[in-house]
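The values are calculated or read from the model by the stated rules, or taken from the named source; none is laboratory data. Since we're looking at a predicted model, the values are computed, not measured. Methodologically, a virtual Cβ is constructed for each residue, glycine included, from the backbone with ideal geometry; neighbour enumeration extends over all protein chains shown. What goes into the accessible areas is simple: the full protein's heavy atoms, side chains included, and nothing from ligands, DNA or RNA. Shrake-Rupley method; radii C 1.70, N 1.55, O 1.52, S 1.80 Å.
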Amino acid sequence: MNTQPTETPATGPESDQAEQAFRRLFAEQLNTALDRHRHIPQGHGRVQAVASLFGITRITAGKWLSGEGLPELWRLPQIAQLLNVDANELVGSTTNPMLIDDRYIALQMHGQDTPDELMPLFLQPGTLQHTSIVPGCLIMQVNATDMPAFAAVGDLVVYNPGIKWFGTGADVYVLRVQGRYVLRRAVRTLRGEIVLSTDPGQMQESFSPTDFTSDTDPASPLIHVVGRVVARILTRGSSAA
């Protein structure tokens, strides 16, 4: 009976060196991607910024940045999205197609009723320097009239899909309710309830935290927290963060 040779994972000094080289490559690519964003500091401050951005410990962030450790494979798409790079760029040398000669950066924009139809909006990196807009934010064009004092039809809101929790401040969020994207101001009360409202003095509704989900399943009956609004572009002639 013929048997085929079986392969075993490589071990020894050569595999250790290859792993070390890969960790160093990832660290270099990660730091290069971070360098493109002026709001992310260098040195010791960068460790804290990376830890906060990706929801990891400072020890883990330090290992990623120094080449002593690697993220789990499932984290790579999230890291790439938040840094606005191609995932391959983090583990190789692929040029990010959303950067043009390092002079422009692109944010993806969609309509309120067409969240899956994304188109890039190219901006100069300096435009984002003094705002709360971080890599991975999305832009939504408003076509509803339920929050006209905040954003009228035709205005643009920039939201961070990485922020899906409610605080005690009256922040505005993009929510998906019964398949429709809406804007609502959300506040967590001292009793833990979530109060949603439109413009000040208008409709208010109270919900339990269990009424919300960060799950992207469109069939879910719960309210999907899409992200928190961090800026807006008002087509009425002025802009505000």
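Okay, here's what the table says:
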quantity: Residue count for the range 197-220, restricted to those that are more than 25 Å from PRO115 (Cα to Cα), part of a loop (DSSP other than H, G, I, E, B) and among the hydroxyl-bearing types (Ser, Thr, Tyr); calculated: 1
quantity: ARG180 touching a residue at least 60 places away in the same chain (Cβ under 8 Å), charged (D, E, K, R) and open to solvent by less than 60 Å² (accessible area, probe 1.4 Å); calculated: no
quantity: Residues satisfying the stated conditions in the range 173-192, i.e. farther than 16 Å from GLY111 by Cα and in contact with a Gly (Cβ under 8 Å, 6 or more places away or on another chain); calculated: VAL187, ARG188
quantity: Flag for GLY169 being over 30 Å from ALA80 (Cβ atoms) and of a type in the set (Gly, Ala, Ser); calculated: no
quantity: The range 166-196: number of residues that are touching a helix residue (DSSP H, G or I) at 6+ places or on another chain (Cβ under 7 Å) and not in a strand (DSSP E or B); calculated: 1
quantity: Counted residues, the range 129-154 - those being modelled with pLDDT of 90 or more and charged (D, E, K, R); calculated: 0
quantity: Scope the range 26-49; condition open to solvent by 50 Å² or more (accessible area, probe 1.4 Å), in a helix (DSSP H, G or I) and under 18 Å from CYS137 (Cα atoms); matching residues; calculated: ASP35
quantity: Selection count, the range 200-216, where residues are at pLDDT below 90 and touching an Asp or Glu at 6+ places or on another chain (Cβ under 8 Å); calculated: 0
quantity: Tally, over the range 185-209, of residues that are closer than 22 Å to GLN141 by Cα, among the charged types (D, E, K, R) and open to solvent by 40 Å² or more (accessible area, probe 1.4 Å); calculated: 1
quantity: Matching residues, the range 50-73, being part of a helix (DSSP H, G or I), open to solvent by 30 Å² or more (accessible area, probe 1.4 Å) and at pLDDT 90 or above; calculated: ARG58, ILE59, THR60, LYS63, SER66
quantity: Of the criteria (1) part of a strand (DSSP E or B); (2) modelled with pLDDT of 75 or more, which one ILE105 fails; calculated: (2)
quantity: Complete set of residues in the range 66-83 that are of a type in the set (A, V, I, L, M) and under 15 Å from ALA21 (Cα atoms); calculated: LEU70
quantity: In the range 142-169, residue surrounded by the most Cβ atoms within 10 Å (Cβ to Cβ) [restricted to those that are more than 13 Å from ARG185 (Cα to Cα) and over 18 Å from the mean Cα position of the chain (by Cα)]; calculated: VAL142
quantity: Identity of the residue in the range 132-141, of a type in the set (Val, Ile, Thr) and open to solvent by 10 Å² or more (accessible area, probe 1.4 Å), that ends up nearest to ASP35 (Cα to Cα); calculated: VAL134
quantity: Condition broken by VAL225, with the remaining ones in (1) surrounded by 15 or more Cβ atoms within 10 Å (Cβ to Cβ); (2) farther than 21 Å from ALA144 by Cβ satisfied; calculated: (2)
quantity: Exclusive hit being surrounded by 16 or more Cβ atoms within 10 Å (Cβ to Cβ) and either of a type in the set (Phe, Trp, Tyr) or modelled with pLDDT of 80 or more (or both), set LEU118, LEU76, LEU99, LEU83; calculated: LEU83
